[in-house]
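Only the coordinates and a few stated rules stand behind these numbers; no lab work does. These numbers were taken from a predicted model, which means no experiment stands behind them. Because the Cβ atoms are built from the backbone with ideal geometry, glycine has one as well, and the counts that use them run over all protein chains shown.
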């Protein structure tokens with residue numbers, strides 16, 4: 001069986017996606033790449049296909065209000081925050097309706113039906129999870145290991161699966177100098193999704209980034225089910241809410257057979273909160289971890305570019321980060 005790198009892009013130019021696909025194809029990786037896409041022009045689609053990328057179009061669920069069309073997730077948020085929504089748990093009522101509707105599907109299709117409904121009602125940060133589940137369910141038996149990943153701010157230095165992890169679920173930490181309770185975004189996601197009590201309970205933990213997750217096929221499917229089931233009843237889905245759910249599942253020990261990798265010591269180096277630290281390179285120009293090993297995946301490298309610390313070098317067909 002093959003391995004699979006799975007992502008989603010919406011409204012990007014090919015130039016924004018190019019470092020991702022070109023750097024991955026420049027490694028020893030021989031597996032599949034699949035991207036769900038929306039709002040890409042024809043030239044971007046054609047260019048991506050030159051890198052042997054499977055492209056699957058998707059659309060966000062909308063409803064016609066007569067005077068304009070609005071996203072379903074946006075309409076739901078407005079309803080949940082009306083006086084009626086503040087009095088009654090309408091968000092949980094909606095999740096219950098989805099479960100009831102899915103249960104009317106033919107045997108064996110219940111969860112697929114739930115995902116199809118979730119696709120119509122989730123925002124772009126969360127919609128990828130039911131989309132991924134539907135795709136992987138349709139391709140059962142085809143893939144051994146799967147990487148779920150952001151696209152715009154990810155490049156590869158090695159085959160992302162070229163490390164020992166069996167069939168476990170692998171999650172990757174952010175910088176350990178900032179805990180979730182001290183990060184405005186991470187604390188907002190936990191508090192909004194699960195309340196002040198949960199933030200107090202696990203806020204002292206290091207955030208794990210939901211933008212890169214790797215695992216065996218079955219571990220990924222179980223992870224996706226948990227993510228979807230915990231997203232559906234949420235009252236609010238602010239941008240990035242998937243990371244709040246991801247960390248809730250991790251630190252409330254809902255994830256089984258999970259392996260945690262510390263940042264700058266594993267296959268994924270999340271650079272976002274390390275802009276104040278020097279970046280180490282080897283003689284070939286690869287970015288190094290704290291222990292001198294080459295990081296397979298570089299995530300959130302754009303934060304260093306924005307600060308004028310690093311730049312992308314694409315000379316000779318290779319994609320490398322270099323000092324600015």
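Looking only at 105, 208, 23, which one moves most when the chain is put into a Gaussian network model with springs between Cα atoms under 10 Å? Per the Cα network of the chain with a 10 Å cutoff, 105 tops the list.
Converting the Cα gyration tensor eigenvalues of segment 119-258 into ellipsoid dimensions via √(5λ) gives semi-axes, longest first, of 24, 18, 14 Å.
Kindly give Rg over Rh for the chain, based on alpha-carbon atoms, with the Kirkwood expression for the hydrodynamic radius.
Numbers: Rg = 19.9 Å, Rh = 20.7 Å.
Result: Rg/Rh = 0.96.
Stokes-Einstein at 10 °C, 1.306 mPa s, Kirkwood radius from Cα pairs: D for segment 26-84 in µm² s⁻¹? The partial results should precede the final answer.
On the way: Rh = 14.8 Å.
For these conditions, the coefficient is 108 µm²/s.
Distance between the modelled labels on residue 152 and residue 181, one decimal in nanometres: 3.2 nm (7 Å Cα→Cβ projection). Modelled spin labels at residue 324 and residue 239, positioned 7 Å past Cα toward Cβ, are 2.1 nm from each other. In segment 226-324, the convex hull through the Cα atoms has an average projected area of 8.6 nm², a quarter of its surface area. Here the simple spin-label model places points 7 Å from the Cα toward Cβ, and for residue 81 and residue 283 these points are separated by 5.7 nm.
Between 128, 86, 158, the residue with the greatest mean-square fluctuation in the GNM of the chain (Cα pairs under 10 Å linked by springs) is 86.
For segment 73-123, the relative contact order comes to 37 percent (Cα pairs under 8 Å, sequence separation of at least 6). Below 8 Å, C-alpha to C-alpha, sequence gap of six or more: please give me the relative contact order for segment 56-210 in percent. Averaging sequence separation for qualifying contacts and normalising by length gives 15 percent for segment 56-210. Could you list the residues of segment 5-41 with an amide nitrogen less than 16 Å from a label point located 7 Å from the Cα of residue 52 in the Cα-to-C-beta direction? Once the point is set 7 Å along Cα→Cβ of residue 52, 5-6, 21-35 turn out to lie under 16 Å by backbone N, inside segment 5-41.
How high is the FRET efficiency from residue 305 to residue 167, r the C-beta distance, R0 45 Å, rounded to 0.05? So, using R0 = 45 Å, E works out to roughly 0.80.
If R0 is taken as 25 Å, the Cβ-Cβ distance between residue 197 and residue 100 corresponds to a FRET efficiency of 0.30. For the chain, the share of DSSP beta bridges that are antiparallel, to the nearest 5, is 50%.
Under the criterion of Cα pairs below 8 Å and six or more residues apart, the relative contact order for the chain equals 19 percent.
What is the fewest-to-most order of 156, 67, 286 by other Cβ atoms lying within 10 Å of their Cβ?
On the way: 156 24, 67 6, 286 17.
Lowest to highest Cβ neighbour count: 67, 286, 156.
Treat segment 168-225 as a sphere of radius equal to its Kirkwood radius over Cα pairs and apply Stokes-Einstein at 4 °C in a medium of 1.567 mPa s; give the translational diffusion coefficient in µm²/s, rounded to a whole number. So the translational diffusion coefficient is about 105 µm²/s.
DSSP assigns beta bridges within segment 1-115; of those with both partners inside it, close to 20 percent run antiparallel.
Estimated at 0.36 nm per residue, the fully extended path between residue 2 and residue 14 surpasses their Cα-Cα distance by 1.7 nm.
The GNM of the chain, with springs linking C-alpha atoms under 10 angstrom apart, assigns the highest mean-square fluctuation among 71, 223, 133 to 71. Ranked by how many other Cβ atoms sit within 10 Å of their own Cβ, fewest first, the residues 212, 13, 279 fall in the order 13, 279, 212.
Calculate how large, on average over all directions, the projected area of the Cα convex hull of segment 1-152 is; give the answer in nm² to one decimal.
Working: hull surface 45.7 nm².
Seen from a random direction, the Cα hull of segment 1-152 projects 11.4 nm² on average.
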